[in-house]
Amino acid sequence: MLFRKPDSTETMPSAAETVDHSDRYVVTSILLEILYAGILFLKGADLALTYVYALIPMLLITAVFGTYLYNRDADMKLFGAITKLTASGIALQILADAVYHPQTTFSLLKYGISFVFLFFFLVFYRLLKKLLNHPFMIWMSLAASAAVYIVLAIWGIDPNGYGTHAWVRIAGYTVQLTDLTKIAAVLFYASLFSSRHEHTDSGILKISSLFFFINMAGSIWIKELGSFFVLYFMHLSILLIFMDHNKTKRIYIISIVAASVLAVAMAFVLYKWMLPGYNAGTLNSLQLMIWPYVKKIYTRFSITANINMDPYGAGYQLLQAKKALWMSGLFGNTVHFNALPVAESDMAFVAFVSNFGFLLGFYVFLQFLRIFLSGSELSRSLLKYERQDSIVVYGITVILFLQAMFVILGSCNVIPFAGLPIPFLSRGNTFQSIVFAFSGLLLQLSMHKNPIVEEGGDVHDEPAE
Amino acid sequence: MTNRRNKDSLAKSRIRIAELAAMTVCLLFTGGYGYKYIVSPLISPQARGTQNTITYDAVKDYAYEGDIVDKDGAVIMSSYDQYHTAYAYEPECYSFSYLLGYYTVANGRENTYGLRGSLADWLLFYLDDHNKGATVTLTVDKGLQDYAYTNLLAGQEGSITVIDNKTGAIRCLTSRSTISYNVNDLDSFLSSEVEGAQFRRGTYENDPPGSTFKILTAAAAIEKDEEENLPDDFFTFTDTGSYTPEGSSWTITNWNDAVFGTIDLDTAFRNSVNCYFADLGIRIGQDRLLKTAQAFRIGKDIEIPFLCTLHSKTHLGDEQPVTIAQTAFGQGNTEITPVHLALIAQAVANDGVMLQPYVVSSVNSGNMPLYRAFPHKLGRCISHTVDVRLKELMHHAAENYGLSEDYYGMVYAKSGTAECANDRVHTYIVGFTEDASFCVSMNNGHASADLYGITQELVAYINRIYGR
């Protein structure tokens, strides 16, 4: 019974009623998945064949879960965006192997693992949900974040040579543990603002600041600032939205933003001040310790301002991205341009545009906006019934959207570039699993956005006090 | 509870603000980048130059320029072996040079000329599995083009155009200017300081049409006769060897000051009697002459896709008898290109319907078709009955040029000698066979009679390639 929702045997919808056509998002997802097969076929029959292996389960999952969610009033726009982004990611990753020859290869099995993880996560959240109302979950989440950084500081490895120690090797598999801090962050803020535990404003600021600084210190320790940026904006936006509007909060947020700007300015000053010493080899041990951070911040911002500053060094990746964008056109480059570093991960969006063109590139880009709008709408509607779920939804939405925006806008040199995977598009099993888990949770919660109301009641009524 | 409700209400409004911010960022990004990378290269030559400079620099070490082949697939230009830029062997490197042109980029600027310039997106930037650009198939017959350049132009400044009667496909468009442009050597093209050396004779050269314009004057007169059922003596004229238009002191004479006595249209056309056509033009009237000229698209642009746009003009309009008289026998201020003259012949050959000329037949990357040309009508110039009478006139004229029906089959032609600025004489013969129309044009001639031999050789070659 694919896409069957209206109970047409009982009543026909009157003219005034709106007929639900949201099953079209399932159809458009299926069409896009098939379209990618056609596009890949034009680029090479072997690519199309590899894609077909993924297409069969993809079509099945889209149709079956689409039907399931459609009949349970889930947010089908959100479903459409998630499935379209997943299909885009799979098509890109298959193409990336042939065009860019990255170190790793596309694995359908990893998508299967991510899918299994999604189900475990949904069960985990269902079990954990009640616990989030207890204050100890705040400290558990906080401790979990700290533990991640401690583990990485001791056992962290750098398998790709990026200069960060965000991975650990478990049974032959590399796992990016910093991604787990995103789950911890979502649970932390949900617990902190849980409807059954009112904290004072001062208490919220103190506890959340502690969480914030643990993540900041941990990120600096393992030299992985990218994930921290996502948490940074998540921290600010959740406080801004869900905390009472008062002077203390305002001063706090302004202070954090001002301190950030000051830190960047300081990095520039320090860079200019330390550069002669670094070149002469006369930096002391403390200066040598902070030099990599100062240099990294200086380089990232300077290259955004002037992409030609270091064309064969720090600016190479962005310069190649810029070339790729110029060559992309509406339907992708036609000159086999493949000199794009880390195309399967950090540069996934540019690689996507380069191969599939701006038309599909913008479509995919706007799917992230769709996720944000759907997530925000869901968060707003859940606020009425379950504040905790509302914060979980908003936290997840912010993580997915901001991470996508940071990397996409960074790789297009709109903002300083942060080397992170793009949700759905980039390769990376750990992050992919978390993205799937978050997406699954969003869809599951979207089924409960309109709880059953007592007879005679109105769904827009406030719940009984 | 009220406090809680207020908090939630505030949270909702802030989430909406976040939504607006997200939408703004996304729209600004898609709008800004869409404009920068998609729209601006389409509307701004500077942006397109930047785009193609970046692309050219990125691919120049591994991309091979696509092949350019003739209508039968014979290679005209190809990137052989280790050469990334296409190369043409002799004589194609000369005979096709003005047609093929070049494409270079430097300092963010594109320098383009000819087909290689306008087809760079396919020839250079649409690579197949072997990193070779798309193959461009021309409508041109390589053998005819080489023959026309080597044997017929034979070092003279001018052009030879051959157009298929039924399709408008250009079978030959070879030019030679004051320089020997070798398509493999850009310096041979750019180093000349002679004015106009870089113009492609045939498509850019606007000179008076000379007596070839008498085709149009005759067409206008026949049309007037059809419409107004003129008296029999309308086409009769007593030629005294000179003619002075009313209100003018300028005297028109015939070629070599010949005097023909009382003649009709056929005799006047065959002998290209200037005085007859000057008088006929005045009696036809400016409006009809102008209408006929415009029907043959004089004064209107004609595009040859991927190559250029043909421009032409006529100064009819001041109602002065001297202007009408001059125009009617092909002098005055009418300006037209040799390819346009060939198109006039093509229209007469094709029952009065002019077709759009085209030189690119198709573009393919491997098995993937990227472009295919189809015949396209520009419009009807004259009616069928006018066309039949014109053909009679032109056939008799052709026989006068030595294009005998017995040897060459049905050939129709009209010669022309135009006096241009700087005492230069531009000679033409335009005409058509059963299959193709042509224009033989020499920039520095003496008399159109000098072209009879070349035209006979050309017609013989055209007949051969069409299997006659």
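The values are calculated or read from the model by the stated rules, or taken from the named source; none is laboratory data. All values reported here derive from a predicted model rather than from experimental measurement. So basically every Cβ, Gly included, is an ideal-geometry build from the backbone, and we count neighbours across all protein chains shown.
Six or more apart or on different chains, Cβ atoms under 8 Å: show the pairs whose first residue is in the range B:45-60 and closer than 13 Å to A:LEU325 by Cβ and whose second is of a type in the set (Gly, Ala, Ser) and modelled with pLDDT of 90 or more. From the range B:45-60, the pairs are B:ALA47/B:SER40. Among the residues of the range B:99-111, those that are farther than 14 Å from B:ASP185 by Cβ and either touching a residue at least 60 places away in the same chain (Cβ under 8 Å) or buried (at least 19 other Cβ atoms within 10 Å of the Cβ) (or both) comprise B:LEU99, B:TYR103, B:VAL105, B:GLY108, B:ARG109, B:GLU110.
Here A:GLN103 meets each of (1) touching a residue at least 12 places away in the same chain (Cβ under 8 Å); (2) of a type outside the set (Asp, Glu); (3) touching a helix residue (DSSP H, G or I) at 6+ places or on another chain (Cβ under 7 Å) with one exception, condition (3). Looking only at residues in the range B:414-425 that are in a strand (DSSP E or B) and out of contact with any Ser or Thr (no Cβ under 7 Å at 6 or more places or on another chain), the one that is surrounded by the fewest Cβ atoms within 10 Å (Cβ to Cβ) is B:GLU419. The condition of being hydrophobic (A, V, I, L, M, F, W, C), in a helix (DSSP H, G or I) and within 14 Å of chain B (Cβ to nearest Cβ) does not hold for A:PHE436.
B:ASN274 meets all of the listed conditions (1) polar (S, T, N, Q); (2) touching a residue at least 40 places away in the same chain (Cβ under 8 Å); (3) farther than 25 Å from B:LYS414 by Cα but one, namely (3).
I need the full set of residues from the range A:31-81 which are charged (D, E, K, R) and either more than 29 Å from A:LEU441 (Cβ to Cβ) or touching a helix residue (DSSP H, G or I) at 6+ places or on another chain (Cβ under 6 Å) (or both), in order please. A:GLU33, A:LYS43, A:ASP46, A:ASP75, A:LYS77 - these are the residues of the range A:31-81 that are charged (D, E, K, R) and either more than 29 Å from A:LEU441 (Cβ to Cβ) or touching a helix residue (DSSP H, G or I) at 6+ places or on another chain (Cβ under 6 Å) (or both). Quick check: anything in the range A:165-184 at pLDDT 80 or above and either aromatic (Phe, Trp, Tyr) or in contact with a Lys or Arg (Cβ under 6 Å, 6 or more places away or on another chain) (or both)? Checked against the condition, which is being at pLDDT 80 or above and either aromatic (Phe, Trp, Tyr) or in contact with a Lys or Arg (Cβ under 6 Å, 6 or more places away or on another chain) (or both), the range A:165-184 yields at least one hit. Return yes when B:GLY114 is more than 14 Å from chain A (Cβ to nearest Cβ), modelled with pLDDT of 90 or more and surrounded by fewer than 16 Cβ atoms within 10 Å (Cβ to Cβ) and no when it is not. When the stated conditions are applied, B:GLY114 does not pass them. One residue stands out in the range A:38-58 among those that are surrounded by 18 or more Cβ atoms within 10 Å (Cβ to Cβ) and either under 13 Å from A:SER88 (Cα atoms) or of a type in the set (Asp, Glu) (or both): the one that is farthest from the other protein chains (Cβ to nearest Cβ), namely A:MET58.
Is it true that some residue in the range A:208-231 is in a helix (DSSP H, G or I), within 14 Å of chain B (Cβ to nearest Cβ) and either more than 27 Å from A:PHE372 (Cβ to Cβ) or among the aromatic types (Phe, Trp, Tyr) (or both)? No, every residue in the range A:208-231 fails to be in a helix (DSSP H, G or I), within 14 Å of chain B (Cβ to nearest Cβ) and either more than 27 Å from A:PHE372 (Cβ to Cβ) or among the aromatic types (Phe, Trp, Tyr) (or both). Look at the range A:404-427: where a residue is buried (at least 24 other Cβ atoms within 10 Å of the Cβ) and a partner is among the acidic types (Asp, Glu), sitting 6+ places away or on another chain with Cβ atoms under 6 Å, you get A:ARG427/A:GLU344.
Within the range A:333-348, the residues that satisfy the criterion of being within 18 Å of A:ILE94 (Cβ to Cβ) and within 25 Å of the chain's Cα centre (by Cα) are A:LEU340, A:VAL342, A:ALA343, A:GLU344, A:SER345, A:MET347, A:ALA348. Suppose we keep only residues that are among the small types (Gly, Ala, Ser), within 8 Å of chain A (Cβ to nearest Cβ) and in contact with a helix residue (DSSP H, G or I) (Cβ under 6 Å, 6 or more places away or on another chain) within the range B:10-58. Which one would you say is nearest to B:TRP122 (Cα to Cα)? Applying the filter and picking the extreme gives B:ALA58.
Tell me which residues, restricted to the range A:378-389, are in contact (Cβ under 8 Å) with a residue 60 or more places away in the chain, within 8 Å of chain B (Cβ to nearest Cβ) and out of contact with any Pro (no Cβ under 8 Å at 6 or more places or on another chain). Matches in the range A:378-389: A:ARG387 only. Listed by position, the helices (runs of 4 or more DSSP H) contained in the range B:131-236 that have at least 2 residues being in contact (Cβ under 8 Å) with a residue 24 or more places away in the chain and in contact with an Asp or Glu (Cβ under 7 Å, 6 or more places away or on another chain) are B:142-147.
Annotation for the range B:66-83: at least one member residue is more than 9 Å from chain A (Cβ to nearest Cβ), over 21 Å from B:GLY108 (Cβ atoms), of a type in the set (Asp, Glu) and without any contact (Cβ under 8 Å) to a residue 40 or more places away in the chain. The set of residues in the range A:287-336 being within 11 Å of chain B (Cβ to nearest Cβ) and assigned to a helix (DSSP H, G or I) consists of A:LEU319, A:GLN320, A:LYS322, A:LYS323, A:ALA324, A:LEU325, A:TRP326, A:MET327, A:SER328. Among residues of the range A:269-298 that are without any contact (Cβ under 8 Å) to a residue 24 or more places away in the chain, those with a Cβ under 9 angstrom from a residue that is of a type in the set (D, E, K, R), sequence gap 6+ or separate chain, pair up as A:MET274/A:LYS295; A:LEU275/A:LYS295; A:TYR278/A:LYS295. For the range B:72-96, the tally of residues that are more than 17 Å from A:VAL335 (Cα to Cα) and buried (at least 19 other Cβ atoms within 10 Å of the Cβ) stands at 9. The sole residue among A:PHE119, A:PHE124 that is loosely packed, with under 15 Cβ neighbours inside 10 Å, part of a helix (DSSP H, G or I), of a type in the set (Phe, Trp, Tyr) and touching a Gly at 6+ places or on another chain (Cβ under 8 Å) is A:PHE119. Do we find that B:ASP61 is within 14 Å of chain A (Cβ to nearest Cβ) and either farther than 26 Å from B:ILE179 by Cβ or modelled with pLDDT of 90 or more (or both) in this structure? The answer is yes for B:ASP61.
On inspection, A:SER209 qualifies as over 21 Å from A:ARG300 (Cβ atoms) and modelled with pLDDT of 90 or more.
The residues of the range A:232-263 that are modelled with pLDDT under 90, crowded, with 16+ Cβ neighbours inside 10 Å and away from every other protein chain (no Cβ under 11 Å) amount to a single one, A:LYS249. What residue, among those in the range B:118-147 that are within 17 Å of the chain's Cα centre (by Cα) and not charged (D, E, K, R), is nearest to B:ALA58 (Cα to Cα)? By that ranking, first place goes to B:SER118. Of the residues screened, B:ILE38 is one that is in contact with a Leu (Cβ under 8 Å, 6 or more places away or on another chain) and not assigned by TED's automatic domain parsing to the domain that holds B:VAL105. On the given criteria, is A:HIS199 part of a loop (DSSP other than H, G, I, E, B) and either buried (at least 17 other Cβ atoms within 10 Å of the Cβ) or touching a helix residue (DSSP H, G or I) at 6+ places or on another chain (Cβ under 7 Å) (or both)? In short, yes.
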